[in-house]
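First the structure, in the form of structure tokens, and then the observations on it.
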Amino acid sequence: MAINLARFELDGVPRWGVLVESGVSPLAGDYPTTAALIEHGEADWLAAKSKTATLSLDTIKILPPVTAPCRIYCQGANYRQHMVESGMDPDAKLFNMFFTKSDASLASAREAVARPKHVALLDYEIELALVFRRPISSAVTVTRETLKDYVFGVSIANDLSARDVQLPQTQFFKGKSYRGFCPLGPWLTVPEDAEFDLLDDLDLELAVNGAVRQRDSTRNLVFKPAETISELSTFANVAPGDVLLTGTPSGCALRVPPPPIRRIVQLLPEGQFWKLFLRSQKRRPQYLQPGDRISARIKSADGSLDLGEQTTQIVAAA
């Protein structure tokens, strides 16, 4: 059965523990980074799993289960319906779209996120996050059977995105990397070897103020984790504790016009095009506003693999 590892703060000190039925059973050792936990913590978390909880979730501050510094790699447009919604043909896609987020964007699954003052089009993107187990420094071929050798655990991520920065400025990195723009957790879920097959059968759901905005299954990923990591390894290095966000389903606030209209408006001068784009997007009420509350869940269809629930409050920047 999968283990849910929690990173938390108690009396101002970061600690690790195992989620058990009645709360959290702390680990005995001190692991300053996720990489240190992966390398040295197995005996500790297995021992903690068999103990009763000594901490209540109400008495601790949940921290991101991935520590900085780390690399955050991302896949774009990787769910079939999201590709269709974006005007692409999933059956014609021959390679991944990769980009990165700054590790300054990491946030707890329980903390508020401030919308920067200059951002009006703040969007949400629930994603399955893979946390790497081992270093990769050359091209490798990963299969479904060997995925467990490269991936340590999984978690819930929200790839928050400032669309009015990302698109008009063609700045994916900047528009997706403001502080707090990558809520991660609440747990780092470590599947048993036999449970890695469930990564292809996980249900994702994101709601804003109780209304479901995104719902899909990893069955509909265009590029599955094994082939994605194989492609990533041809041009990027990976260290234990690094993260891969595997793409978001359809249902984001962003909407692109259908291809015929897109072809016409793209003939406009660039400044006029983006002015029209921003004006049309600002009419969409789905973009996040201060006071909105996001809930995100990922679990297997049979419920045996449950990554928990992430709750994020959007607040105005001070």
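Can Asp159 be described as in contact with a Ser or Thr (Cβ under 7 Å, 6 or more places away or on another chain) and open to solvent by 30 Å² or more (accessible area, probe 1.4 Å)?
No; evaluated as a whole, the condition is false for this residue.
Among what's in the stretch 262-318 and is modelled with pLDDT under 95 and among the β-branched types (Val, Ile, Thr), pick the residue that is farthest from the chain's Cα centre (by Cα).
Ile264
Residues Val154, Val165: which one is part of a helix (DSSP H, G or I), of a type in the set (A, V, I, L, M, F, W, C) and open to solvent by less than 10 Å² (accessible area, probe 1.4 Å)?
Val165
Within the stretch 84-131, which residues are closer than 28 Å to Glu309 by Cβ, over 19 Å from the mean Cα position of the chain (by Cα) and acidic (Asp, Glu)?
Listed by number, the list holds a single entry, Glu85.
Of the residues in the stretch 169-199, how many are part of a loop (DSSP other than H, G, I, E, B) and over 23 Å from Ile314 (Cα atoms)?
4
Taking the criterion of being of a type in the set (A, V, I, L, M, F, W, C) and touching a Leu at 6+ places or on another chain (Cβ under 8 Å), would at least one residue in the stretch 9-17 satisfy it? First the steps, then the outcome.
Initial filter on the stretch 9-17 (of a type in the set (A, V, I, L, M, F, W, C)): 10, 13, 16.
This time we only want the ones that are touching a Leu at 6+ places or on another chain (Cβ under 8 Å), so: 10, 16.
The answer is yes, given that some residue of the stretch 9-17 is of a type in the set (A, V, I, L, M, F, W, C) and touching a Leu at 6+ places or on another chain (Cβ under 8 Å).
The values are calculated or read from the model by the stated rules, or taken from the named source; none is laboratory data. In this text the structure is predicted, and so the values were computed from the model without any measurement. Neighbour counts are summed over all protein chains in view; Cβ atoms, including those assigned to glycine, are modelled from backbone coordinates with ideal geometry. Just the protein is used for accessible areas: all its heavy atoms, side chains included, with ligands, DNA and RNA removed. Shrake-Rupley method; radii C 1.70, N 1.55, O 1.52, S 1.80 Å.
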